[in-house]
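Beneath this line is the structure, given in structure tokens, with notes to follow.
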2 protein chains.
Amino acid sequence: MVHGFTLSAPKLYGVSGGSIKKWFTSVIVNFKICASFGIYIILHAMYEIFQKYLDDKTELTQQESERIQSFAIIKKLRKRQYLLQEGDVWKYDAFITQGCVRTYTVDEKGGEHVNSFSIENWWTGDRESLMMQQPSRFNIDAIEDTELVLFTHENFEMLCREIPALNNIVNTILQRSFISAQNRIQASLTLTAEEKYLNFINKYPGFASRIPQTMIASYLGMTPETLSRIRKQTAKK
Amino acid sequence: MVHGFTLSAPKLYGVSGGSIKKWFTSVIVNFKICASFGIYIILHAMYEIFQKYLDDKTELTQQESERIQSFAIIKKLRKRQYLLQEGDVWKYDAFITQGCVRTYTVDEKGGEHVNSFSIENWWTGDRESLMMQQPSRFNIDAIEDTELVLFTHENFEMLCREIPALNNIVNTILQRSFISAQNRIQASLTLTAEEKYLNFINKYPGFASRIPQTMIASYLGMTPETLSRIRKQTAKK
DNA sequence: GTAAAAACTTGATCTGGATCAAGAGTTTGA
DNA sequence: TCAAACTCTTGATCCAGATCAAGTTTTTAC
């Protein structure tokens, strides 16, 4: 697959400019910088991950692929940087090419409740805010330095209408997301704290090593102390 | 809208034949009985509820409506009758025109855990079993005498491919289902038993009066005793 | 390199909701 | 119509996991 150099390069987008140190991980890279060959290679590699995801899921013509890429926005987040803050309206479809983010709420006492983790090759965002066009109750921030491919929802819907195969992917993702949410509800109703943890590491091996325990505890609906004790006990066995 | 009498009448389907007493609520009504005028009127009225649902959601041509209706299967369930039993593979898309069903699992100690309630104008079934073609972990049974419109998933997918408007409805339902599951997870992570109950009766007014408290308690992840005490306390206020 | 801030562990104590038990309605079915 | 089977209530007791507290290790930032 060969792309015209300037035409098919993804648009670039970031939130904060800043010091030279910040340059690599979070910066508005404008068109001129993009035209610098070294940078282009890097950004191109990022988009390739998303392209590979699409290719794995479905058959797209080269024209369709290029059409999709022409609307892609590449974004980088540094660790702890927000992708979405409570009160803002979420307007994107966002695919993670590298890294890890968490979606959480903050209660009136300041306690954080983790709703979900998303890593590379998953989607993230707040569908409720997106669909209902209402301020989000969630915060989303990066647990690690993270790279995403974003589409404004407007553009993404248009692409879905144009490209049925893309629409089918979205449908499938939604179904899987729903099934996975159902299973989580089921687990929360039926399992003990220890069973929830074992179920988690079994279902998501690898997560335990890259996500702080405090956040995993919150995701599982228990305190960090309880999780620490459970880990100690299960390590014995 | 005028239907040819025999051609557009929905197909009829039921699980158990049986005594004359059972006749009205659950019986295989075959074509000959269907041709009896009185019965036809009743069944026609049932399908009309689904037709109205479709008309509310989207614009269909008369031809599309008739095409959909030609694949509809009408099913009646008596109170306590199963729509799906654990271990069976679910193969339908099912819309409730009247009544109420519950989806639940049974743990190794025989305890029932209610995953969801569905009433008229909602869909029910087990999407995981349907999508993965695997035996269901869930049971679905009727809390009240219930009437449904079923489509085999094969037929329904074909209809979705033929009729984009129907596909859009399915998409929207999936999104709403997912959002609602997310909210339930959030509630289970953040709310106390009392708050869960108040949240429930606020979100689903009318459910409390038609669903036994034991089942509501199970749905909310608490014991019937706890729910009883909460109701006593909140009644005081 | 180092001070400050997070993250994790361990212990002591507390508590919301579970469990066990028993009585009072209410529904169901022959 | 009436016994059996559920459903709901109320009280007594128990326990899984929360909270509070303090020390240790790891990470972050200049």
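Return a yes/no flag: does the stretch A:68-81 have any residue that is over 28 Å from A:R210 (Cα atoms), open to solvent by less than 60 Å² (accessible area, probe 1.4 Å) and not hydrophobic (A, V, I, L, M, F, W, C).
yes
The stretch B:154-237 holds helices (runs of 4 or more DSSP H) entirely within its bounds, and those carrying 3 or more residues that are within 14 Å of chain A (Cβ to nearest Cβ) and open to solvent by 30 Å² or more (accessible area, probe 1.4 Å) map to B:164-190, B:193-203.
Sort out for me the strands (runs of 3 or more DSSP E) sitting completely within the stretch A:47-128 that have 1 or more residues that are among the aliphatic types (A, V, I, L, M) and either touching a helix residue (DSSP H, G or I) at 6+ places or on another chain (Cβ under 7 Å) or not assigned by TED's automatic domain parsing to the domain that holds A:L166 (or both).
Values: elements: A:73-77, A:82-84, A:92-98, A:100-106, A:112-119.
Of the strands (runs of 3 or more DSSP E) lying wholly inside the stretch A:47-128, those with at least 1 residues that are among the aliphatic types (A, V, I, L, M) and either touching a helix residue (DSSP H, G or I) at 6+ places or on another chain (Cβ under 7 Å) or not assigned by TED's automatic domain parsing to the domain that holds A:L166 (or both) span A:73-77, A:112-119.
In this entry, A:L60 passes the filter for residues that are at pLDDT 90 or above and surrounded by 14 or more Cβ atoms within 10 Å (Cβ to Cβ). When the stretch A:118-136 is filtered for residues that are more than 8 Å from the chain's Cα centre (by Cα) and surrounded by 17 or more Cβ atoms within 10 Å (Cβ to Cβ), the ones remaining, listed by number, are A:D126, A:R127, A:E128, A:S129, A:L130, A:S136. Checking B:I179 against (1) away from DNA strand D (no atom under 15 Å from the Cβ); (2) aliphatic (A, V, I, L, M); (3) in contact with a His (Cβ under 9 Å, 6 or more places away or on another chain), which single condition isn't satisfied? Only one criterion is unmet by B:I179, namely (3).
Evaluate the following for A:T97: is it farther than 24 Å from A:T223 by Cβ and in contact with an Asp or Glu (Cβ under 6 Å, 6 or more places away or on another chain)? Yes, satisfied.
Here A:L150 passes the criteria (1) closer than 19 Å to A:T105 by Cα; (2) open to solvent by less than 40 Å² (accessible area, probe 1.4 Å); (3) outside any loop (DSSP other than H, G, I, E, B) except the one numbered (1). Could you check, for the stretch B:192-201, whether at least one of its residues is within 11 Å of DNA strand D (Cβ to nearest atom) and either more than 17 Å from B:Y104 (Cβ to Cβ) or not aromatic (F, W, Y) (or both)? Yes: one or more hits.
Among the hydroxyl-bearing types (S, T, Y) and either without any contact (Cβ under 8 Å) to a residue 12 or more places away in the chain or away from every other protein chain (no Cβ under 13 Å) (or both), is that true of A:T146? Show your work before the answer.
On the way: among the hydroxyl-bearing types (S, T, Y): yes; either without any contact (Cβ under 8 Å) to a residue 12 or more places away in the chain or away from every other protein chain (no Cβ under 13 Å) (or both): yes.
Judged against the criteria, A:T146 is a match.
Pairs are defined by a Cβ separation below 7 Å, a sequence spacing of at least 6 or placement on different chains, a first member in the stretch B:108-125 that is more than 23 Å from B:S209 (Cβ to Cβ), and a second member that is open to solvent by less than 40 Å² (accessible area, probe 1.4 Å); the pairs so defined are B:G125/B:W90; B:G125/B:D93; B:G125/B:A94. Residue pairs whose Cβ atoms lie under 7 Å apart, separated by 6 or more positions or on different chains, with the first residue in the stretch A:213-237 and at pLDDT below 95 and the second open to solvent by 90 Å² or more (accessible area, probe 1.4 Å), do not occur.
The values are calculated or read from the model by the stated rules, or taken from the named source; none is laboratory data. Not measured: the values here are computed from a predicted model. As a convention, Cβ positions derive from the backbone with ideal geometry for all residues, glycine included, and neighbour counts pool all protein chains shown. The area values use the complete protein model at the heavy-atom level, side chains included, leaving out ligands, DNA and RNA. Shrake-Rupley method; radii C 1.70, N 1.55, O 1.52, S 1.80 Å.
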